[in-house]
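The values are calculated or read from the model by the stated rules, or taken from the named source; none is laboratory data. A quick note: this is a predicted structure, and the numbers were derived from the prediction, not measured. So basically every Cβ, Gly included, is an ideal-geometry build from the backbone, and we count neighbours across all protein chains shown. Side chains are part of the model used for accessible areas, which takes the heavy atoms of the whole protein and leaves out ligands, DNA and RNA. Shrake-Rupley method; radii C 1.70, N 1.55, O 1.52, S 1.80 Å.
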Amino acid sequence: MKQETIIIDVNESMDNESSTLREMIKKDRVIAFPTETVYGLGGNAYSDEAVKRIFQVKQRPADNPLIVHIHCMEQLNEFTEHIHPDAYRLMKRYWPGPITFIVPIKQGMLSHYVTAGLNTVGVRMPNHDFALQFLRIVDTPIAAPSANMSGRPSPTKFSHIEYDLYGRADVLIRGDDSIVGVESTVVDTTVVPFEIVRPGHITAADIMRETGIEVIYESTTSTTPKSPGMKYRHYAPKQPVYPFKEDFHPKGHVGVIAPAELIKSWNNVVTFELCESVIDVNIAMRNLYKALRFMDAQQVDTVYIYQFPRQERYNALNNRIDKVISSKEEDL
Ligand code: TXA
Ligand code: MG
């Protein structure tokens, strides 16, 4: 596919771009935009054509549902119903923010391609100035997966979406690097107790401490993933990836992704420092996808990546890192 792509540079306000953005969304075009978690690839959530185009542009499997992005609570009520009162409490506490809530849909509103046929939908109000301006300007719910080509690491820099989507998407909005750096926490509020189906920056312990609401998370590598997207091997660089152990001795031409305190001055090793120390969890999250894309572009044969301690605050990181590690089967 070959597509003319418009790049939009925003200076403080998107007012000058508002007619272009509105027109594009009305014509079922797709727009990559920055958010605090990762860049998203958005289209009108009410339009089959727009949503089909999102799947086509990023070559995403059709059984993997999309998150719908909103800028105000009125929008939520257009396409959802029967939301649990505790879910509203969590929305009030955490939106706008890096957390998605799965709620029941109101029939006949969203394109059924958004939900991949499920009767629930993931909804998020992002905490990002450009994202909120964009959502306000187009004033329709925007379905948006992460703006990477399917199978590649999620984009946390403008150059990442330019690399993946220039010549494929219709519009790319240039923003700063994503501050959170991993995708939102996804909480299923259609089961009691609520359940985290994808870990992110906000943890179950944060929610319990700040609201008293119990949310469970099972970090097992179960064969029936809770969120359809979790079954795919994601985020991976082109090389085979193995766990980095502290007794690491380099053999051949390899790359290492780890906290700086664990990196030694090996010969012939390409290194990427995720953060200073193992305890810098927020910085490590911010840098993880940059590290994976950096290694993908290196001429190394193998990549070794550090797995963080199995403690709750590292769940989001370990969840992504575990998934880039090559299984024996894939190496055959
Ligand atoms: O931070 C984010 O959430 C980013 C930004 C752009 O907002 N978006 C994002 O979207 O990561 P995506 O499509 O890459 O991931 C959506 C995840 C997938 O794992 C999908 O399976 C899950 O949410 N999901 C969506 N709707 C669901 C539903 N109704 N039930 C269970 N899981 C759902
Ligand atoms: Mg994604």
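For the range 23-45, which residues satisfy the criterion of being within 17 Å of Ala143 (Cβ to Cβ) and open to solvent by 70 Å² or more (accessible area, probe 1.4 Å)?
Lys26, Lys27, Arg29
Among the residues of the range 241-259, is any in a helix (DSSP H, G or I) and either at pLDDT below 95 or open to solvent by 60 Å² or more (accessible area, probe 1.4 Å) (or both)?
The answer is no, given that none of the residues of the range 241-259 is in a helix (DSSP H, G or I) and either at pLDDT below 95 or open to solvent by 60 Å² or more (accessible area, probe 1.4 Å) (or both).
Among Phe134, Phe130, which is the only one that is open to solvent by 20 Å² or more (accessible area, probe 1.4 Å) and at pLDDT 95 or above?
Phe130
Could you pull out the residue among Gly175, Gly151 that is at pLDDT 95 or above, of a type in the set (Gly, Ala, Ser) and either open to solvent by less than 10 Å² (accessible area, probe 1.4 Å) or farther than 21 Å from Glu81 by Cβ (or both)?
So the residue among Gly175, Gly151 that is at pLDDT 95 or above, of a type in the set (Gly, Ala, Ser) and either open to solvent by less than 10 Å² (accessible area, probe 1.4 Å) or farther than 21 Å from Glu81 by Cβ (or both) is Gly175.
Quick check, is Ile70 more than 27 Å from Asp296 (Cβ to Cβ), among the hydrophobic types (A, V, I, L, M, F, W, C) and within 16 Å of ligand 2 (Cβ to nearest atom)?
Working: more than 27 Å from Asp296 (Cβ to Cβ): yes; among the hydrophobic types (A, V, I, L, M, F, W, C): yes; within 16 Å of ligand 2 (Cβ to nearest atom): no.
So Ile70 fails the test.
Got a number for residues in the range 93-104 being buried (at least 17 other Cβ atoms within 10 Å of the Cβ), away from ligand 2 (no atom under 16 Å from the Cβ) and either part of a helix (DSSP H, G or I) or within 16 Å of the chain's Cα centre (by Cα) (or both)?
Adding up the residues that qualify gives 4.
Could you tell me whether the range 208-218 includes any residue that is closer than 23 Å to Glu74 by Cβ, away from ligand 2 (no atom under 16 Å from the Cβ), in a strand (DSSP E or B) and in contact with a Phe, Trp or Tyr (Cβ under 8 Å, 6 or more places away or on another chain)?
no
Which of (1) open to solvent by less than 30 Å² (accessible area, probe 1.4 Å); (2) within 13 Å of ligand 1 (Cβ to nearest atom); (3) outside any loop (DSSP other than H, G, I, E, B) is the odd one out, the single condition Leu90 does not satisfy?
Condition not satisfied by Leu90: (2).
Considering only the range 248-262, I want to know if a residue exists there that is aromatic (Phe, Trp, Tyr) and touching a residue at least 40 places away in the same chain (Cβ under 8 Å).
Yes: one or more hits.
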